[in-house]
Amino acid sequence: MVRTLFITEEEWAGQETSRTTYNFDLRVINRQLKKRGRTIFEMQPNDWKQIVKEKKWTYKTTRRKISAVRTFLRLRGVKEHFMFDLE
């Protein structure tokens, strides 16, 4: 099984374990979005709410997933996305 690297080693300045965790989180989110025919870049607030509801993530897990998506978007140069506004 080939794993998609959303965040590459060259892009990452932090700890390797954090990058690995973020990539895992992004793969989980990406799989859910594929079912809806969307990408992370196209994700809408309702998509996010449904994913969180379906997966029944804890608050801590949800915060980590938000952090992973925000980091990914920043590394890709995205400046406007609803994920940056989530509290």
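When region 42-65 is filtered for residues that are under 17 Å from D85 (Cα atoms), open to solvent by 40 Å² or more (accessible area, probe 1.4 Å), among the charged types (D, E, K, R) and part of a helix (DSSP H, G or I), the ones remaining, listed by number, are K49, R63, R64.
Across region 9-20, a minimum of one residue is classified as assigned to a loop (DSSP other than H, G, I, E, B) and among the aliphatic types (A, V, I, L, M). Scanning region 26-41 finds one or more residues that are open to solvent by 80 Å² or more (accessible area, probe 1.4 Å), within 17 Å of F84 (Cβ to Cβ) and part of a loop (DSSP other than H, G, I, E, B). Residue check: E87 meets all listed conditions (1) in a helix (DSSP H, G or I); (2) among the acidic types (D, E); (3) open to solvent by 90 Å² or more (accessible area, probe 1.4 Å) but one, namely (1).
Inspection of region 55-71 finds a residue satisfying the criterion of being among the hydrophobic types (A, V, I, L, M, F, W, C), in contact with a Phe, Trp or Tyr (Cβ under 8 Å, 6 or more places away or on another chain), under 17 Å from T8 (Cβ atoms) and touching a residue at least 40 places away in the same chain (Cβ under 8 Å). Of the residues making up region 9-26, those that are among the acidic types (D, E) and over 15 Å from R70 (Cα atoms) number 3.
The values are calculated or read from the model by the stated rules, or taken from the named source; none is laboratory data. Quick caveat: nothing in here was measured; it's all calculated off a predicted structure. With ideal geometry, Cβ positions are generated from the backbone for all residues, glycine too; neighbour counts draw on all protein chains shown. With ligands, DNA and RNA removed, areas are computed over all heavy atoms of the protein, side chains included. Shrake-Rupley method; radii C 1.70, N 1.55, O 1.52, S 1.80 Å.
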